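Structure first, commentary second.
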Amino acid sequence: MRRTLALCVITVFSLFSCSNSQTKSESKKTVSKTIASGTNTSDTSEKNDIKSSNEDIILTMPIMIDHPFYFDTRDLVQEFNDADNGYKIVLKDYAEGLNMENISENTDWDNYNLDLTLDIMKGGELDIIPNIFTDPGKFHVFTEKGAFADLNPFIDDDENLDRSELFDEVLQACEINDELRYMPISFTIDTLAGPSKYVGNEKNWTFEEMKERWEKMPEGSTINGHTTKDYVYYALLRGNISSFIDYDKAECHFDSDEFINILDFLNSFEDLTGFKQEINGTSEEFVSEFIISGFMQYHQMFWRYPAEEITFVGYPSDDGCGSFFNIMNDQVAVSATSSPEKQKGAWEFIRMLVSYDCQHGNGFTGVLGDDGEFALPINKKAFADMGEEQYSHEGESYVDELTGQKIHGVHLTKAEYQKLIDFIPSVKKINIKIEDDIYEIIEDEIFALFNKEKSSKEVSDNIQNRVQLLISERN
């Protein structure tokens, strides 16, 4: 995908469309239009011609034209369709007719999500299902409900792909009840990191261990460059919310002692100021967020301390496993209701997406970004080669074209690369994209605590009741 087209989509993909708005009935008609090999094939006879003339099995994949996933895969769809492998992918555009103006007030987006949701629910409509929801958390709801096929048997039976070619740590973290219900095409890593002299040398820590070390910090120290309640919440807790939700059992644990203790800790910081604060870059930093999404971006995080003086401690967690793989939107599933033949064809396309050729410099750069700067490849050889291409220039400098100055220290070092390789096996969890309405509940209650309207126990109980009700209804 062309992440360079929209840098703002590092965490959540941007959604684009540029056609005239339509009535609901007109929108329903356009939703049924399909596009095969980049060509509009909404005409029924043309679709039938494709199927009958080539006797290919048709695989239907939902898409949004101008969505980054479409930019990333349209050439691959063409290549797949031209391979004479007995399958042909037909793209079904669910965003036809959406008006991108005033997107926050555009109820057509609700129709877009509803149409896609209904087609997944009733089955038989879609075969290859990427996460193109405007709220990516909805994809995970379908994952939990068993709407997608287990991909593990396809991997195990595939003579052209060995599991060892992929980061199995990421695959295992994505599993639900030992089933891999979608393929992560790429990943990032969410963690907290700090100077080893302050946070110690052990990867991951519990809340009590973090609190004990914070109390020994020099006066005026910061967390992620800040000292106010809201910013410390964003740094320490918001990225860790999914650890308090067990979707398998349709349970949440916001009334736990651990969560209440974290709330009390957050509430001990300075009051909200009511305006945006600048990062304090001069005080002693306890921990900072490390969102590892690319080799150069990762290298730049070591601007203050070298890699050997930094420890990846993760978010505080009672089980001591507070670092996460983040799959963002880079997920592709196979419908559980598709026929075995269609599932086999869908798997062949997914296998293409995780192949070395697709993941290393062959135009498959939207998910990964140019040189892997917006996510890390799930293919291990692609990862290793992209890393080596960067650290092989360690110590080299370049001349800035605008200023004529020689710039030093711009390349990934071998020590930094090795630190990342050593860290990945310690990550055991996936940071599930929580649905937006759950975040709204949590932040509504937490900011009531910060504004001295409720106690931490009241906030904990309210979040527990409201989120549990929401999860139970959706289960």
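The numbers here are math on the coordinates, done by the rules we state, and not lab data. Model, not experiment: these values are computed from the prediction. When we count neighbours, we look across all protein chains shown, and the Cβ atoms used for this are built from the backbone with ideal geometry, even at glycine.
Do any chymotrypsin sites (Phe, Trp or Tyr not before Pro) in the stretch 167-235 lie in a DSSP loop with no more than 12 other beta carbon atoms within 10 Å, and if so, which? Numbers along the way, then the final one.
Working: sites: Phe167, Tyr182, Phe187, Tyr198, Trp205, Phe207, Trp214, Tyr231, Tyr233, Tyr234; in loops: Phe167, Tyr182, Trp205.
In loop regions of the stretch 167-235 (DSSP not H, G, I, E or B), there are no sparsely surrounded chymotrypsin sites (Phe, Trp or Tyr not before Pro).
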(request) Can you give me the three principal axis dimensions of the stretch 196-297 from its C-alpha atoms, in Å, biggest first? (result) 46, 36, 27
(request) Restrict the search to the stretch 446-475; then list the trypsin sites (Lys or Arg not before Pro) that DSSP places in a loop and that have at most 16 other Cβ atoms within 10 Å of their Cβ. (result) Lys452
(request) Mind giving me the FRET efficiency for Met296 and Glu159? R0 is 30 Å, r the Cβ-Cβ distance, nearest 0.05 is fine. (result) 0.25
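Which loop GluC sites (Glu not before Pro) in the stretch 169-220, with loop taken from DSSP, have no more than 10 other Cβ atoms within 10 angstrom of their Cβ? Don't skip to the end; give the middle numbers.
Working: sites: Glu169, Glu175, Glu179, Glu202, Glu208, Glu209, Glu212, Glu215, Glu219; in loops: Glu175, Glu202, Glu215, Glu219.
Passing sites in the stretch 169-220 are Glu215, Glu219.
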